[in-house]
Amino acid sequence: MPKNTIGYAKADYEGVISTLCAGCGHDSISGAIVQACYEMAIEPHRVAKLSGIGCSSKTPNYFLNNSHGFNSVHGRMPSVATGANMANRDLIYLGVSGDGDTASIGMGQFVHAIRRNLNMLYIVMNNGCYGLTKGQDSATADQGSVSKSGSVNPFEGIDLPGMALELGATFVARSFSGDKTQLVPLIKAALSHKGFALIDVMSPCVTFNNNAGSTKSYDYVRDHIEALAEIGFVPEKEEITVSYETGTTVDVELHDGSVVHLQKLADGWDPRDRQAAMRRLQAAKTEGEILTGLLYIDPNSKDLHEVIKSDSRPLNSLKEEDLCPGSAILDLINEDFR
Amino acid sequence: MRNLTGINDLVVRFANVNGTGSASANNMFAMSIFRMGIPMTAKNIFPSNIQGLPTWYEVRVSEKGYLGRREGVDVLVCVNPQSMKQDIASVKSGGYFVYDNTKNLHKDFIRDDINYIGIPMIGICMRLYQDPRQRQLFKNMIYVGALAALLDIELEVVKGIIADEFAKKPKLIEPNVQAMMEGVKYVQDNYSYPLHVRVERRDLVGDSIVIDGNTACGLGAVYAGATVAGWYPITPSTSLVEAFAKYANKYRLDPETGLKKVAIVQAEDELAAFGMVLGASWNGARAFTATSGPGVSLMNEFLGLAYFAEIPAVLVDVQRGGPSTGMPTRTQQSDLLLAAYASHGDTKHVLLLPSTPTECFNLMADAFDLAERLQTPVIVMTDLDLGMNDHLTAPLKWDDSRRYDRGKVYTAQDLDDLTAVGKQFGRYLDVDGDGIPYRTIPATHPTKGSFFTRGTSHDEYARYTEDGVKNAEVLNRLLKKWDTAKEITPKPEFYQTENKSNVGVIFFGTTTYAALEAMDLLREEEGITLDAMRATAFPFHSSVEEFIAAHDQVFVIEQNRDAQFRTLLINELEVNPKKLIKILNYDGMPITAEAIRRQIAGVLATV
């Protein structure tokens, strides 16, 4: 069995067998997470995987068996991830959520995790419907999309990457569960990014939202997908050896020395230009395109620990002698209250 | 007209306008009493408002050391025309009404059974100061000076307090002393002083300090090693996290790097605040949050998760007047049932019930040990009176040899040792028979000890199960843990070595001040001796049930409408509800000894 540079086989990154429906997009995303972590040679136990409630939030059980997992409550994963990250800044935080979990009940927490630039990868497995409760429209369902029962969604859909850009997110991407060549390097880049990384992954629900007229079906997504660029990820330890024609490629160096390599760029595209990303997303919406790829990255972003100036060591490693001011100081404090 | 007389036994109430700087002047008055060695207690009765509405500050001076609120005002200092009518009405017959006589009082405000002492506060200020802000601030010092002369407060003590108050702005010391002396001088020139009701130096406060419970809780969290706090502002808990931040930022700062050994995150709401606590605790840090009733309502869902997934958490509920938004700036003990059974399903939580700031500090430190030992939320139940008012209390103490009890946590070595003897780690296995399993912190071991924390039904290995028998086993083990909690949480305090009466009294928290005073009143004035017990924790230690069993009648004194503590006793213990008699107060003001005495004496008289 082949092993990666730290001696782990791909199987070491897998989880228990999925109980999701056969053909569920979410299982492909789990597979992409496994592959990305294996190829990046991440120590599985250095990852903390967190989720909310729903089909998507079950998936952390289906990858990275040697990681601690936390299946929290509906829409509240971001706050749990925030606390976890505050306790130990040295782990990798991988949050998995769905469109119901993120865009409805969890909207507040999602927004504020972005605002604080919490250092984590936040994957939304976006299928436009509530699968576990049998197919109700979610808040990301597009206006006009037809459900399995034939009803037409009358409400405007929430575009999570567009909103994240508006909120100042420092890494924003969209992908498709059926496009591993794009998704795997995006996950790798997101894991290397220091700050909040959002990947909104179109992940069709084969059981409740894969019908004709749905804008989140496999066929519809495949027909309307538009990639901004082909993406490659070069870990910090490897050198870029292939040279590309300038003008059609961009290399973005991340804080840990890794490089995100984008080729066959859309015309005039720079992934470090937030306003351009917002304009491009709006244009794609008008055209009826599903724009995928790395929409925006700020490679120099400051995460929450840097902003609040917390200790460089994991706070959970500190002991009495680091934390307790002791009785002599307390005597002085008492004196202030006399 | 009779004049009130007496030394070191009076209530002085200040009627101010919110936002006029009166708080610091009033505090100087209270601290003057304290520094003259006389026990005193101060209550801030304030509106939910930043500027403009009436606010009161009440200082009770008690030679006997009674620290609860007392009914009746001996001296009222009126600096607020808005509330003058009710303020005049609140003065005891024979008492004193100190007011600004720059303008004459309307005849409607004249009572013939109280003394009026006019001090031209505005007049003096208009004469001495040009700047409007100065006129307002120095007006406060003028009434402090007038009171000092009227009540015979040592002027050197007041001057010392002014010097301490402005230690960082020494230029302000002299003008404040001068303003204070203007008040003194006016009294000396115009009235016979001191009054018959006055103070006199004693040596009764020992090494006590004067501190509010929120500050003490915040300090307790610093000393207990809390490193993560998620929080959302809400009266009356906000100043608790602010105190934690102040001391943590000071004593956990690396002066060279500017980095702090603490992470304090202001959350988007109380749900997120508690989510942060759970994430941090799960990841091996000591974490806490503080809120009030409305926040606990919002945290219910997470509290249930923490109970069932067995995650340590420390939460302080600084209770205020409910229901709903209620009276945000008044006190009650009305969140007991909410906190004890927070969240759906069979869920219950450990509560700690401090009654003084010193106990806030101690129980806060204990709360972290208990939460990690029991792997469950521990809720410290204080209230607005305890949290936001200054209390005379024993100095805070810390034993430098104290080690944090991090509870049952497997290390990498422990996990390897388990493997060596052919055993498998089970997150929810009851290895020791006390209902408390072992946990692992993320990233402990490369290949062992990982598990999936979930709020769904799970087996001993944290795997999802829909096996009803397995789920019932988990619920039963949690009950076993509950029994363990009864043994390791603080024991109740009994005020007699052996029972002397067939009637008992139970109280807790800030009710303690008034309850103990009421016991004295009943004994001294009515010849009734009662046995007393102060509860300090929930679940109840076996001695609570024994105390009730040993008495024919037990008065349960608390500050809510529905006798919630009594309900907890009935719900959790095998006791006859008829024996438990409610003594209640829920007007938002701290309960008084007189109210307790009246109610108990009334019940006993009808038997």
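The values are calculated or read from the model by the stated rules, or taken from the named source; none is laboratory data. Keep in mind that what you see is a predicted model, and the values were worked out from it rather than measured. Cβ atoms come from the backbone with ideal geometry, glycine included; neighbour counts cover every protein chain shown.
For the stretch A:56-66, the condition holds for at least one residue, the condition being that it is closer than 23 Å to B:His458 by Cβ, crowded, with 24+ Cβ neighbours inside 10 Å and among the aliphatic types (A, V, I, L, M). Quick one: in the stretch B:446-476, of everything that is of a type in the set (S, T, N, Q) and more than 25 Å from A:His74 (Cβ to Cβ), which residue is modelled with the highest pLDDT? Taking the candidates together, the pick is B:Asn476.
Taking the residues in the stretch B:396-412 that are touching a strand residue (DSSP E or B) at 6+ places or on another chain (Cβ under 8 Å) and more than 7 Å from every other protein chain (Cβ to nearest Cβ) as candidates, determine which candidate is farthest from A:Glu320 (Cα to Cα). Explain how you work it out, then say what you get.
To start, the set of residues in the stretch B:396-412 that are touching a strand residue (DSSP E or B) at 6+ places or on another chain (Cβ under 8 Å) comprises B:396, B:407-410.
Imposing the further condition that a residue be more than 7 Å from every other protein chain (Cβ to nearest Cβ) reduces the set to B:407-410.
Numbers: B:Gly407: 15, B:Lys408: 18, B:Val409: 17, B:Tyr410: 19 Å.
So the residue we want is B:Tyr410.
Working only within the stretch A:48-75, note down all residues that are farther than 17 Å from A:Asp200 by Cβ and not in a strand (DSSP E or B). Selection gives A:Ile53, A:Lys58, A:Pro60, A:Asn61, A:Tyr62, A:Leu64, A:Asn65, A:Asn66, A:Ser67, A:Ser72, A:Val73, A:His74.
Taken over the stretch A:1-47, the criterion of being among the small types (Gly, Ala, Ser), free of Cβ contacts under 8 Å to residues at least 12 places away in the same chain and assigned to a loop (DSSP other than H, G, I, E, B) is satisfied by A:Gly7 alone.
Only one residue in B:Ile162, B:Ile173 is surrounded by 14 or more Cβ atoms within 10 Å (Cβ to Cβ) and touching a residue at least 60 places away in the same chain (Cβ under 8 Å), so which one is that? Steps first, answer last, please.
Details: B:Ile173 fails: touching a residue at least 60 places away in the same chain (Cβ under 8 Å).
Criteria check complete, one pass: B:Ile162.
State which residue is nearest to B:Gly94 (Cα to Cα) when the search covers only the stretch B:2-34 and only residues that are assigned to a loop (DSSP other than H, G, I, E, B) and touching an Asp or Glu at 6+ places or on another chain (Cβ under 6 Å). Spell out how you get there, then give the answer.
Restricting attention to the stretch B:2-34, the residues satisfying the condition of being assigned to a loop (DSSP other than H, G, I, E, B) are B:2-5, B:8, B:18-21.
Now drop any that are not touching an Asp or Glu at 6+ places or on another chain (Cβ under 6 Å), which leaves B:4, B:8.
On the way: B:Leu4: 5, B:Asn8: 17 Å.
Ranking the qualifying residues of the stretch B:2-34, first place goes to B:Leu4.
Any chance the stretch B:282-295 includes a residue that's under 19 Å from the mean Cα position of the chain (by Cα), crowded, with 21+ Cβ neighbours inside 10 Å and among the hydrophobic types (A, V, I, L, M, F, W, C)? Within the stretch B:282-295, one or more residues are under 19 Å from the mean Cα position of the chain (by Cα), crowded, with 21+ Cβ neighbours inside 10 Å and among the hydrophobic types (A, V, I, L, M, F, W, C).
One line per residue, one yes/no per condition, for (1) in contact with a Lys or Arg (Cβ under 8 Å, 6 or more places away or on another chain); (2) of a type in the set (Ser, Thr, Tyr); (3) modelled with pLDDT of 95 or more:
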| site | (1), (2), (3) |
| --- | --- |
| B:Leu150 | yes, no, yes |
| B:Lys159 | no, no, yes |
| B:Ala163 | no, no, yes |
| B:Pro175 | no, no, no |
| B:Met180 | yes, no, yes |
| B:Gly218 | yes, no, yes |
| B:Thr238 | no, yes, yes |
| B:Ala248 | yes, no, yes |
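Of all residues in the stretch B:62-100, those satisfying the criterion of being in a loop (DSSP other than H, G, I, E, B), under 24 Å from B:Arg597 (Cβ atoms) and not charged (D, E, K, R) are B:Gly65, B:Tyr66, B:Leu67, B:Gly68, B:Gly72.
Going by what's in this entry, would B:Gly37 be described as within 14 Å of another protein chain (Cβ to nearest Cβ), out of contact with any strand residue (DSSP E or B) (no Cβ under 7 Å at 6 or more places or on another chain) and assigned to a loop (DSSP other than H, G, I, E, B)? Don't jump to the end; show me each part of the working.
On the way: within 14 Å of another protein chain (Cβ to nearest Cβ): yes; out of contact with any strand residue (DSSP E or B) (no Cβ under 7 Å at 6 or more places or on another chain): yes; assigned to a loop (DSSP other than H, G, I, E, B): yes.
For B:Gly37, the condition - within 14 Å of another protein chain (Cβ to nearest Cβ), out of contact with any strand residue (DSSP E or B) (no Cβ under 7 Å at 6 or more places or on another chain) and assigned to a loop (DSSP other than H, G, I, E, B) - is met.
Output the residues belonging to the stretch B:388-405 that are in contact (Cβ under 8 Å) with a residue 40 or more places away in the chain and over 30 Å from B:Ile33 (Cβ atoms). If you could, list the steps in order and put the result at the bottom.
First pass over the stretch B:388-405, keeping only residues in contact (Cβ under 8 Å) with a residue 40 or more places away in the chain: B:388-396, B:398, B:404.
Result: B:Tyr404, single match.
Starting from residues that are within 13 Å of A:Val73 (Cα to Cα) and not charged (D, E, K, R), keep the ones in the stretch A:96-115 and report whichever is surrounded by the fewest Cβ atoms within 10 Å (Cβ to Cβ). Taking the candidates together, the pick is A:Ile105.
Residues in the stretch A:16-40 that are in contact with a Phe, Trp or Tyr (Cβ under 7 Å, 6 or more places away or on another chain), among the small types (Gly, Ala, Ser) and surrounded by fewer than 21 Cβ atoms within 10 Å (Cβ to Cβ): A:Ser18 alone.
When B:Gly527 is tested against (1) crowded, with 16+ Cβ neighbours inside 10 Å; (2) at positive phi, exactly one condition is not met: (1). Annotation note: of B:Thr447, B:Thr440, B:Thr456, the sole residue that is more than 20 Å from B:Gly279 (Cβ to Cβ) and within 14 Å of chain A (Cβ to nearest Cβ) is B:Thr447. Listed conditions (1) touching a residue at least 60 places away in the same chain (Cβ under 8 Å); (2) assigned to a loop (DSSP other than H, G, I, E, B) are all met by B:Pro323, apart from (1). Does A:Phe70 qualify as being at the interface with chain B (Cβ under 9 Å from one of its Cβ atoms) and aromatic (Phe, Trp, Tyr)? Criteria met by A:Phe70. Listed by first and then second residue, the pairs with beta-carbon distance under 8 Å, at least 6 apart or on different chains, first residue in the stretch B:67-88 and within 18 Å of B:Met141 (Cα to Cα), second acidic (Asp, Glu) and buried (at least 24 other Cβ atoms within 10 Å of the Cβ), are B:Leu76/B:Asp87; B:Cys78/B:Asp87; B:Asn80/B:Asp87. Of all the numbered requirements in (1) over 23 Å from B:Glu256 (Cα atoms); (2) in contact with a Ser or Thr (Cβ under 7 Å, 6 or more places away or on another chain), A:Arg272 misses one, and that requirement is (2). Given the conditions (1) surrounded by 16 or more Cβ atoms within 10 Å (Cβ to Cβ); (2) closer than 25 Å to A:Gly95 by Cα, and given that A:Glu166 satisfies all but one, which numbered condition is not satisfied? Against the list (1) surrounded by 16 or more Cβ atoms within 10 Å (Cβ to Cβ); (2) closer than 25 Å to A:Gly95 by Cα, A:Glu166 comes up short only on (1).
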